[in-house]
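S.K.: Sending over a structure as structure tokens; questions will come in a sec.
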Amino acid sequence: MNAGLLQSQQQPGCHQEIIRLDNISFSVDSQTILSDVSFTIKERDFVGLIGSNGAGKTTLLRMIVGLIRPQQGAISLFGIPSGQFKDWNHIGYVPQRNHFNPLFPATVREVVLSGLYGRKKLFKRLSKEDVSRCEDALGALKIQDLGDKRIGALSGGQQQRVFLARALINNPKLLILDEPLSGIDIETQQSFFHLIKHMHQRHNITFLMVSHDMDMVRSYLGQEPKEKCGKLSFYVRHSHDLEDCDGTDLLHSLRKEG
Ligand SMILES: Nc1ncnc2c1ncn2[C@@H]1O[C@H](COP(=O)(O)OP(=O)(O)OP(=O)(O)O)[C@@H](O)[C@H]1O
């Protein structure tokens, strides 16, 4: 590994690399979906990934969470090549909106609990801590009263909250959201966006979010993308003033509590 790369991966505080994409390319049949995409996301960045339909946004997210492999290029997560990365519980992923059959048998609580450490916990007995994490996640999304309802019986906006709670149950350091605002009414969109902005500013969570809502993206992440790569644009906002990035962890903790 070259010295510069090693150094950048070891930088402390907010300069830690959370996701690094190096020259990612991907094709299906003869169709090029992603071509030579490079981008770096640092701790406490909120990144809005924008692009037209079919630009490859979902494909890129699925690659980052290990569901598909890039045909060319490399991905590293928290400074570790994705092929060797093990701490998947540090990453919460909310895929594009699921349409649940109203008769789908799981309750909201069961769906949220199914996010615990991925597959490993599925067949284990739930501990007291698991139950309390679930209640915390339901509380954070203000859906405690829906815990015993069937997931299929909820509205689209309520289901989005459930999936966000499921992604939050492991207390992730990185949240990846694929069009979380689509198909829900404006009022719910606004309160949902307000909630994730709050999580970005007050908690140590890095965000990567795909959205088509340019007004909302620009209102928080600024008018112009930080980088463009083919058909993809990356809008970025750091959770606090960049000059404070050299501050100590104590400074960050105080901000967190403030
Ligand atoms: N497994 C696959 N097999 C065939 N084609 C695929 C596959 N996965 C993705 N594609 C194609 O890759 C292209 C990019 O798809 P992707 O879902 O990543 O786009 P997107 O930017 O997320 O689009 P949207 O904004 O519509 O959600 C599309 O043309 C899609 O049909």
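S.K.: Starting from the Cα gyration tensor of segment 143-187, multiply each eigenvalue by 5, take the square root, and state the resulting semi-axes largest first in whole Å.
M.R.: 18, 16, 8
S.K.: With an 8 Å Cα cut-off and a minimum separation of 6 or more residues, compute the relative contact order for segment 16-257 in percent.
M.R.: Averaging sequence separation for qualifying contacts and normalising by length gives 26 percent for segment 16-257.
S.K.: Based on the alpha-carbon gyration tensor of segment 22-138, what equivalent-ellipsoid semi-axes (square roots of 5 times the eigenvalues) come out, in whole Å, largest first?
M.R.: Taking √(5λ) for each eigenvalue gives 31, 19, 14 Å, largest first.
S.K.: While we're looking at this one, here's another question. For a protection proxy built on the mean count of beta-carbon atoms within 10 angstrom, sort 42-50, 79-87, 225-233 highest first, please.
M.R.: Top to bottom by mean Cβ count within 10 Å: 42-50, 225-233, 79-87.
S.K.: Could you state the number of Å between the C-alpha centres of segment 167-230 and segment 126-140?
M.R.: Result: 24 Å between the Cα centres.
S.K.: Here's something else I'd like to know. Give the value in nm², to one decimal: projected area of the alpha carbon convex hull of segment 164-224, averaged over all directions.
M.R.: With every direction weighted equally, the projected area is 4.3 nm².
S.K.: For segment 16-257, compute the orientation-averaged projected area of the C-alpha convex hull (one quarter of its surface), in nm².
M.R.: Approximately 14.3 nm², given one-decimal rounding.
S.K.: Spin-label point model (7 Å from Cα, Cβ direction): what's the D185 to D215 distance in nm?
M.R.: Using points 7 Å along Cα→Cβ, the separation is 1.7 nm.
S.K.: In sequence order, what are the phi-derived ³J(HN,Hα) couplings for segment 133-148 according to the Karplus relation 6.51 cos²θ - 1.76 cosθ + 1.60 with θ = phi - 60°, rounded to whole Hz, with x for glycine and proline?
M.R.: Once θ is set to phi - 60°, the couplings for segment 133-148 become 4, 4, 5, 4, 5, 5, x, 4, 9, 6, 10, 4, 6, 9, x, 9 Hz.
S.K.: Additional query: Just add up the charged neighbours of K142: K/R +1, D/E -1, any other residue whose Cβ is under 13 Å from the Cβ of K142.
M.R.: That sum, taken over residues with Cβ under 13 Å, equals -2.
S.K.: Taking K and R as +1 and D and E as -1, what net charge do the other residues with C-beta under 13 Å from the C-beta of G230 add up to?
M.R.: After counting each charged neighbour, the total is +1.
S.K.: May I pose another question? To the nearest 20 Debye, how big is the dipole of segment 16-257 about its Cα centre, given +1 on the beta carbon of each Lys and Arg and -1 on that of each Asp and Glu?
M.R.: Taking the Cα centre of segment 16-257 as origin, the dipole is about 860 debye.
We did not get these values from a lab; they are worked out from the coordinates using the rules stated. This is a predicted model, so every value here is computed, not measured. Glycine gets a Cβ as well: all are built from the backbone with ideal geometry, and neighbour counts include every protein chain shown.
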